[in-house]
1. Give the residue, chosen from LEU274, LEU196, that is surrounded by fewer than 16 Cβ atoms within 10 Å (Cβ to Cβ), farther than 29 Å from LYS121 by Cα and either at pLDDT 95 or above or not aromatic (Phe, Trp, Tyr) (or both).
2. Counting just the residues of the stretch 239-262 that are exposed (fewer than 15 other Cβ atoms within 10 Å of the Cβ) and of a type in the set (A, V, I, L, M), which one comes out nearest to GLU201 (Cα to Cα)?
3. Could you tell me which residue of the stretch 203-230 is farthest from GLY168 (Cα to Cα), considering only residues that are of a type in the set (Gly, Ala, Ser) and not in a helix (DSSP H, G or I)?
4. Which of the residues spanning the stretch 241-258 are aliphatic (A, V, I, L, M), closer than 18 Å to ASN218 by Cβ and part of a helix (DSSP H, G or I)?
5. Regarding the stretch 128-149, can at least one residue be identified that is in contact with an Asp or Glu (Cβ under 8 Å, 6 or more places away or on another chain), at pLDDT 90 or above and assigned to a helix (DSSP H, G or I)?
6. Residue under question is CYS77, and the condition is that it be within 16 Å of the chain's Cα centre (by Cα), farther than 30 Å from LEU190 by Cα and either surrounded by 20 or more Cβ atoms within 10 Å (Cβ to Cβ) or at pLDDT 70 or above (or both); does it hold?
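The values are calculated or read from the model by the stated rules, or taken from the named source; none is laboratory data. Worth saying up front: this structure is predicted, and the values here are computed from it rather than measured. Every residue, glycine among them, receives a Cβ derived from its backbone with ideal geometry; neighbour counts consider all protein chains shown.
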Amino acid sequence: MRPRTAVLSTASMLYKMGKLLSWEGLLIKIIQFLLDWPCPSINSQSLTTDCKTCLSALKAGDSVIPRLEILEHCALCLLNLGEWEFLVNIEKRWNYFELAAEIAYVCIDVVKHKGNKKVAKDAWEFILPMFGSNPQQKRSGSGGTTVIHRDSPSGALHSRSALSQFLGRLRDETAIAVAASLLARLHNVLRDEPSLELVVEYTGLWPAVVSNANSYNNRAVLEVLSQLLLQALKYHPTNVSWLKLLGDINFVLGHHAKALRYYLEAGIVVRRLL
């Protein structure tokens, strides 16, 4: 007969393995959900519950916690599923969570106040350094340093490429609109030419001034914004505002033929919707 301690040890190991395997399965479901958005084959309510449970394991100090990649995908999935209240109350241990939470906060404000209220600058101040001369220096909205975790597959959002990857996984229209408005406003502030301003909903939410504007890479802002919009239009192809914004971006860059193409596409969509 096996000693009681050996039985308990085996049971504990099996429990841990079961937990880890279930989280890996959750990651696969999230990736599938994002790829096939809105993915009717996956129960969104069940997925929401599983993501919250996964993130709660971290908060509860469980001895078995999910990999950071899984935690990041859970936060992103909840952002896309409109679980914004949950995200704004989560512990912002890593800056991937912080950006998801800050976008969620603005989404709540947009829905409640229709974009007519000035919001906190946290998301703006979080993203702004990524377009500066030292994009890896990150500060949280509270002024403290946010942990950059080396195991994060996204580079823990300390680079523009990691930011683009994060934004490219947004599926919810409100979340995308918030991110697009921030980048559009940033371009307008850095470029400071009224004739070349980008016009899109919610830009008035963000600050109108940036210190040392010349130290930021405005072209990189347009590149990240373009990538966000191109990805977003795969899932929301009839969003006239984003088509027009792509036209504006190409006009600013001097790509007039491309600009005309997007303006015409926007016009065609409007005509079809009439």
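1. Matching residue, one of LEU274, LEU196: LEU274.
2. VAL240
3. SER211
4. LEU245, LEU246, ILE249, VAL252
5. no
6. Here the answer is yes, as CYS77 does meet what is asked.
Table: residues versus (1) in contact (Cβ under 8 Å) with a residue 40 or more places away in the chain; (2) assigned to a helix (DSSP H, G or I); (3) under 23 Å from ASP172 (Cα atoms); (4) among the hydrophobic types (A, V, I, L, M, F, W, C).
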residue: GLU24; (1), (2), (3), (4): yes, yes, no, no
residue: ILE30; (1), (2), (3), (4): yes, yes, yes, yes
residue: PRO38; (1), (2), (3), (4): yes, no, yes, no
residue: LEU47; (1), (2), (3), (4): no, yes, yes, yes
residue: LYS52; (1), (2), (3), (4): no, yes, yes, no
residue: ILE65; (1), (2), (3), (4): no, no, no, yes
residue: LEU78; (1), (2), (3), (4): no, yes, yes, yes
